[in-house]
Amino acid sequence: MKTVLEVRDLTVTYPARRGAAPARAVDGVNLQVRQGEIVALVGESGCGKSTLARALVGLVRPTGGQVVGDGEPLGYSAAALKAYRRHTQLVLQDPGGALNPRQSVFDAVAEGPRLHGLTDRLGERVHTALAKAGLRPPEQFAGRFPHEMSGGQQQRVVIAGALALEPKVIVADEPVASLDASVRGEILKLILELRDSLGLSALVVSHDLGLAWNIADRVAVMYLGRIVETGTVEEVLLRPRHPYTRALLSVLPDSGEPPVLLTGEPPDPTSVPGGCRFHPRCPLRAAEPDPRCDGLDLPVLTGDPSASALAACHLVQ
Amino acid sequence: MTATDDTRSPAPSGEGAPREEAPPAAPMLDVRDLRVSYRNGERTVPAVRGVSFTLDRGQTLGVAGESGSGKSTMALSLLRLLPSTAKVTGQVLFQGEDLLTAKWARLRAVRWSAASVVFQGAMSALNPVRTIGEQICEPILLHDKVGQKAARARAAELLDAVGVPSRRLGSYPHEFSGGQRQRIMIAMALACRPDLIIADEPTTALDVMVQAQVLNLLGDLVRESGIGVIMISHDLAVLSHMCERLAVMYAGRVAEIGPSRGLIDEPRHPYTRALGRAFPTIGDPASRLAPAGLPGDPPTPAELARLDEGRGCAFEPRCSRAVAACRTDTVELRPSGPGREAACLLAQEGSEP
């Protein structure tokens, strides 16, 4: 399978505020998305998953490493970025905030094509995108404004806006977090349908492990700027190896096992612990201390999608 | 799951077993035909359209529903916390007294000391320019008639109880993480030892791990103190885990109410079933690469106003099992099993919809 989107040894460091250390939001990540594949990137807030998503679409310039789209390393000139965005599109969370309240649905979806000079048969392009996003018949929706639509319909407009440029990959940051429970499934179904009908690839960023189970082929679990475990959804969610993944799964209401509540403060990217970055909160290490946990740094996971599941932990290798 | 059930059972269940100090009289909270509508210019928009339930000390009731289902409006109307554009009718009998007609001074005495609220979004509910110590002490000083020193001591004790170090009484809200702020909100709600806590989406904005910590804490406190809890959430799985009974609201009414396990395992109302499937169980092959949704959208305020005047089931347009009668008949809650009721023409005891 062809790789359509890749990051190699990516780091994004935000400069220090006064008196504080720089924040290592993304601290060495390898990740690949292959054609027609849906990859879920999961983690808690502050783990760097949104920064990684923004770096993937060129909105954040990495401090180190590379973003590779369709085999070409991403350049950061205006022209290079513009060309890249026909290939990779971002779908934001909270469609209510992502849409301009004074812009009609037609104009919102046409914005991308207009910026790219694709004004030939613009109407047809916009209507096709609306129909693909499930707003049928498109003529009925094109003239509406965001406030005349439900949250689910607004998210479909945002997705139609991404589809209008016929990208190969969409990067969706919490695409259903702000939607109601019953609408959530409809939007997830749409992402699956787009993959099946258009061969679209997707990287879906979420805090919700159930979302990965619902739509993803592979999953990467992120903690404090690094991917700590990756593999197929079945491997990672049914047979988790990393103690962090195991803890995350154990606190779900239907997990059927005693919850492992992690103690201690949420991780802070301005002071990443040495050795394994999870060691201060790790229940495995608490049970059987090992000098490697706080003494020996772990290598960055290769992110090779054809390899079997990988976990960044001294104790479970 | 079983482990939680076992630890929960010694707590007073309330149902059929009233506590000694309360003679077998009325339940602690008895809500009868509660209706709330908002005035919006010329129009009146119904938000809650006739909700009734009871709750005793030590009982936990989860209220689930989507945005616009009226669940938060219903919960906040119990203590008359809604803006003046809201018109509330019905009865809210709390310890025998109707809070909807109570004098303002009486209501103020009940708030905090007998019944308190954990709001969603702790950042906006806490005052950013006052220390959390001052904020926790405020209701204690007001209601318990104790001195500064005793109030501080109680505040410190409360912070420790919710797992926030009490030496941080002098810190401001922005110096805490989201999970800690939500714990502080719970500490405030407990400050005057209330009999009832209304928790409005207490963990919605939190990460899974922090959510689990906060829910664990809330569960422990309820078991230890025998407080009655009404918890509002959109997440049926979380509610069924935390609460003995569940009420599922749709379009301002209760669609189904009954013991949590039964509602989750054998939903009688098609909407409960859809809501239960919306969040998959990891490992369940039926939901793998098959997200379950519900076509259509909840009724808009205008549609709600029309529904309120006419007959028929509010859920009919989205229901895959609707029959002709669903559009024409009046649909009321009807018994659908031991201790449960469902507002569906097709719901019968022992049969799934």
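Rounded to two decimals, the Cα-based Rg/Rh of the range B:115-191, with Kirkwood Rh, is 0.92.
Separation of the range B:111-137 from the range B:273-348 is 36 Å, based on Cα centroids. Less than 5 angstrom separates the built amide H of A:MET222 from those of A:VAL42, A:GLY43, A:VAL228, all sequence-distant by 5 or more or on a different chain.
Rolling a 1.4 Å probe over the protein heavy atoms of chain B, with every protein chain left in place, gives an accessible area that is 52 percent carbon and sulfur. Using a cutoff of 8 angstrom between alpha carbon atoms and counting only pairs six or more residues apart, the relative contact order for chain B works out to 19 percent. Here the range A:25-84 and the range B:199-263 have alpha carbon centers that stand 38 Å from each other.
Summing charges over all other residues whose Cβ lies under 11 Å from the Cβ of A:ILE38, with Lys and Arg as +1 and Asp and Glu as -1, gives 0. Computed over chain B, the per-residue total of -39500 (n - 2.57) for DSSP H runs of n ≥ 4 gives a 222 nm mean residue ellipticity of -9500 deg cm²/dmol, rounded to 500. The amide H of A:VAL204, built 1.01 Å from its N in the peptide plane, has A:VAL39, A:ALA40, A:LEU41, A:ALA172 as neighbours under 5 Å, considering only residues 5 or more places off or on other chains. The GluC sites (Glu not before Pro) of the range B:246-353 that DSSP puts in a loop, and whose beta carbon has at most 16 other beta carbons within 10 Å, are B:GLU332, B:GLU349. Of A:LYS132, A:LYS168, B:LYS103, the order by accessible heavy-atom surface (1.4 Å probe, DNA, RNA and ligands excluded), from most exposed downward, is B:LYS103, A:LYS168, A:LYS132. With helices as the sole contributors, chain A gives -9000 deg cm²/dmol at 222 nm; each DSSP H run of n ≥ 4 counts as -39500 (n - 2.57), and the sum is divided by every residue. Once backbone amide H atoms are built at 1.01 Å from N, B:ILE227 has B:GLY58 as its partners under 5 Å, excluding neighbours fewer than 5 places away on the same chain. Per residue, the average separation of C-alpha pairs within less than 8 Å and at least 6 apart gives the range A:58-122 a relative contact order of 18 percent.
With contacts taken as Cα pairs under 8 Å and at least 6 residues apart, chain A reaches a relative contact order of 22 percent.
In the context of the full protein assembly, B:THR101 retains an accessible surface of approximately 110 Å², using a probe radius of 1.4 Å and ignoring ligands and nucleic acids. Report the local net charge at B:TYR38: Lys and Arg +1, Asp and Glu -1, summed over other residues whose C-beta lies under 13 Å from its C-beta. That works out to +3. Taking each residue as 0.36 nm, the span from A:LEU261 to A:ARG102 lengthens on full extension beyond its C-alpha to C-alpha distance by 52.7 nm. At a probe radius of 1.4 angstrom, the accessible area of chain B per residue rounds to 44 square angstrom.
In a simple Cβ point-charge model (Lys, Arg +1; Asp, Glu -1; nothing else charged), the range B:115-191 has a dipole of about 100 debye relative to its Cα centre. The label point for A:GLU148 and the one for A:LEU296, both projected 7 Å from the Cα toward the Cβ, are 6.5 nm apart. For the protein assembly as shown, the dipole from Cβ point charges (+1 on Lys and Arg, -1 on Asp and Glu) about the Cα centre works out to 1480 debye, to the nearest 20. For chain A, the Kirkwood hydrodynamic radius from C-alpha pairs, put into Stokes-Einstein at 25 °C and a viscosity of 0.890 mPa s, yields a diffusion coefficient of 120 µm² per second. Once divided by 2.2 N^0.38 Å, the Cα radius of gyration of the protein assembly as shown becomes 1.00. Applied to the range B:317-328, the Karplus parametrisation 6.51 cos²θ - 1.76 cosθ + 1.60 on θ = phi - 60° returns per-residue 3J(HN,Hα) values of x, 9, 8, 7, 10, 5, 10, 4, 4, 5, 8, 10 Hz, with x for Gly and Pro. Bridge orientation summary for the protein assembly as shown: considering DSSP beta bridges with both residues in this region, about 60 percent are antiparallel. The C-alpha atoms of chain B define a longest principal axis, and helix B:208-225 lies at about 80 degrees to it.
The values are calculated or read from the model by the stated rules, or taken from the named source; none is laboratory data. Since we're looking at a predicted model, the values are computed, not measured. Neighbour counts are summed over all protein chains in view; Cβ atoms, including those assigned to glycine, are modelled from backbone coordinates with ideal geometry. Ligands, DNA and RNA are stripped out before the accessible areas are found, and what is left, the full protein with its side chains, is counted by its heavy atoms. Shrake-Rupley method; radii C 1.70, N 1.55, O 1.52, S 1.80 Å.
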